[in-house]
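The values are calculated or read from the model by the stated rules, or taken from the named source; none is laboratory data. Being a predicted model, the structure only gives us computed values, none of them experimental. Every residue, glycine as well, gets a Cβ built from its backbone with ideal geometry; the counts of neighbours run over all protein chains shown.
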Amino acid sequence: MSTPGFDVVIVGGGIAGLWCRWALVNAGYSVALLERSALAHGQTGASQGILHRGVKYAMSPDASRAAAAADSSAQAWDRAMSGRAGPDLTSVRVLAKSMLMWTDAGILSRITGAVASRLLTSHVERLTDEQIPPLVRAPARAAYRVGETVIDAVSAAHALGAAVKGVMARAAVRSIMPTGGMHRLETECGSIEAGAVVLCAGQGNGELLAMLGEDPAQWMQLRDLHMVAARGAPGELFGHWIAAASDKPRLTITSGQDGGVVWYIGGDLAERGVSRSESEQIAAARQELGACFRDLALEQMSFSTIRIARAEGKDKFGKRPDGPVVREVAGKASGGRVFAVWPTKLVMAPVAAAQLLEMLGAVTGPSLSGASLGGCASPDYALPPWVRHR
Ligand SMILES: Cc1cc2nc3c(=O)[nH]c(=O)nc-3n(C[C@H](O)[C@H](O)[C@H](O)COP(=O)(O)OP(=O)(O)OC[C@H]3O[C@@H](n4cnc5c(N)ncnc54)[C@H](O)[C@@H]3O)c2cc1C
């Protein structure tokens, strides 16, 4: 039996792999996407789903550059979610149309200055005391409504998966070898040939780059997080508690469901909590929630934690840029036409896919008609992380 061949094989079915798949299929390439676990099983399904418009960066020295990159990417999501352009993402579940951002006395002037900057005014509105949800109210506290949509990232994976036809298979890649102008990928369910290979495996890109003779440390970095899921929350909440003059919220809370409301908590708590055990992290979460919300019935809440790393690309100078990283892996062992993609943020996936399409188009066009991968099963979609880590 001959080996099935595709113009492009994409490795990894998170937001980057799925958006790149849409862009390439739409441009006429035959594409197979390989996912070793479930679609959106990695960072995508574990993300907080905030389509950042740059407000998060308001306090950082590079505010305007980072904010502009995030804002233009968020607009691509808006177009796709309203059915105006791009993949049909009209079925994506919007969990909140805006985020809250609240701050306490002391750093108010700094925030107010950032909010007043030209770039951010259109997305941020200060709330009156009556408009602040009762749970969030506290003396000398100010709150803003931030125009950042929060989505269910797994529903975005579903919508992208359905937006174009094409092969998606559950298979881990064991090796990638250049052969006669093509690439041969050995997988759990057989061999596949590809004109070009796109690495969208998040953390797994490290292993794939090593297979191609590259040093992953030159290409990417991992930043660990220790997230917290809090069950028995009094209601849905989507917001950042900014309690220091930095671009890191002390808490970032989004909400999901699992037989009741679950708060999914990141921010500084998740970054600093990396060195804590699960029970220490839960104790820290209780303390932070108690400090933030005077009237929260903490004794009615139960907690679990989730460890996950953010995998981010480095540019050719070894720096982590504000935008997505799309680089050609041009070393001898790759045989050329291998690309590595890290969107840096969920929201930046459309920009990453557009960059990939441009770089790929410069070296190769659609030519193969594709095939089926009979020996491989189709991948499922991931469950939310707080359900997987109860
Ligand atoms: C806790 C957390 C919260 C976040 N919150 C936000 C947010 O609110 N807003 C935002 O914009 N960004 C957020 N991010 C960042 C965002 O989630 C990531 O930038 C984005 O999801 C990365 O997508 P990806 O497709 O590159 O990687 P992933 O989603 O990690 O996908 C990689 C996929 O590749 C598969 N894979 C790995 N190795 C192999 C292999 N050898 N063969 C086949 N498949 C393989 C994995 O199973 C996985 O499904 C958050 C990240 C984290 C960790």
Fill in: Spans of strands (runs of 3 or more DSSP E) in the range 299-390 with at least 1 residues more than 15 Å from the ligand (Cβ to nearest atom) and of a type outside the set (S, T, N, Q)
302-313, 325-328
Worksheet item: Residues of the range 156-181 being within 11 Å of the ligand (Cβ to nearest atom), buried (at least 17 other Cβ atoms within 10 Å of the Cβ) and over 14 Å from L33 (Cα atoms), which ones?
Response: A156, I176
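Is it the case that some residue within the range 182-199 is assigned to a loop (DSSP other than H, G, I, E, B), surrounded by fewer than 17 Cβ atoms within 10 Å (Cβ to Cβ), touching a Cys at 6+ places or on another chain (Cβ under 9 Å) and not hydroxyl-bearing (S, T, Y)? Please lay out each step first, then the result.
To start, the set of residues in the range 182-199 that are assigned to a loop (DSSP other than H, G, I, E, B) comprises 188-189.
Narrowing the set further to residues that are surrounded by fewer than 17 Cβ atoms within 10 Å (Cβ to Cβ) leaves 188-189.
Then drop every residue that is not touching a Cys at 6+ places or on another chain (Cβ under 9 Å), which leaves 188-189.
If we keep only those that are not hydroxyl-bearing (S, T, Y) too, we end up with 188-189.
Yes, there is a match, as at least one residue in the range 182-199 is assigned to a loop (DSSP other than H, G, I, E, B), surrounded by fewer than 17 Cβ atoms within 10 Å (Cβ to Cβ), touching a Cys at 6+ places or on another chain (Cβ under 9 Å) and not hydroxyl-bearing (S, T, Y).
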Response to the item:
Among strands (runs of 3 or more DSSP E) entirely inside the range 20-120, those with 1 or more residues being modelled with pLDDT under 95 are 99-104
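Yes or no, residue by residue, for (1) of a type in the set (S, T, N, Q); (2) more than 19 Å from L208 (Cβ to Cβ):
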position: A309; (1), (2): no, no
position: G318; (1), (2): no, yes
position: G323; (1), (2): no, yes
position: G331; (1), (2): no, no
position: F339; (1), (2): no, no
position: P343; (1), (2): no, no
position: A362; (1), (2): no, yes
position: S372; (1), (2): yes, yes
position: D380; (1), (2): no, yes
Discussion item. Which of the numbered conditions does L373 fail, given that it passes all the others? Conditions: (1) surrounded by 16 or more Cβ atoms within 10 Å (Cβ to Cβ); (2) within 26 Å of A70 (Cα to Cα).
Written reply: (2)
Worksheet item: Just a yes or no: is a residue in the range 186-194 within 13 Å of V338 (Cα to Cα), small (G, A, S) and in contact with a Leu (Cβ under 8 Å, 6 or more places away or on another chain)?
Response: yes
Discussion item. So for the range 336-348 (the condition being in contact with a strand residue (DSSP E or B) (Cβ under 7 Å, 6 or more places away or on another chain), free of Cβ contacts under 8 Å to residues at least 40 places away in the same chain, closer than 23 Å to A76 by Cβ and assigned by TED's automatic domain parsing to the domain that holds L39), does at least one residue qualify?
Written reply: yes
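May I ask you to list the residues in the range 135-145 that are in a strand (DSSP E or B), surrounded by fewer than 24 Cβ atoms within 10 Å (Cβ to Cβ) and not basic (K, R)? Give the steps one after another, and end with the answer.
Residues of the range 135-145 in a strand (DSSP E or B): 141-145.
From the residues that got through so far, the ones that are surrounded by fewer than 24 Cβ atoms within 10 Å (Cβ to Cβ) too are 141-143, 145.
Correct list: A142, A143.
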Worksheet entry | Contacts under 7 angstrom Cβ, first residue in the range 296-313 being charged (D, E, K, R), partner within 16 Å of the ligand (Cβ to nearest atom) and assigned to a loop (DSSP other than H, G, I, E, B), 6 or more apart | E312/R320; E312/T344
Fill in: Residue tally, condition within 15 Å of P4 (Cα to Cα) and assigned to a loop (DSSP other than H, G, I, E, B), over the range 164-179
2
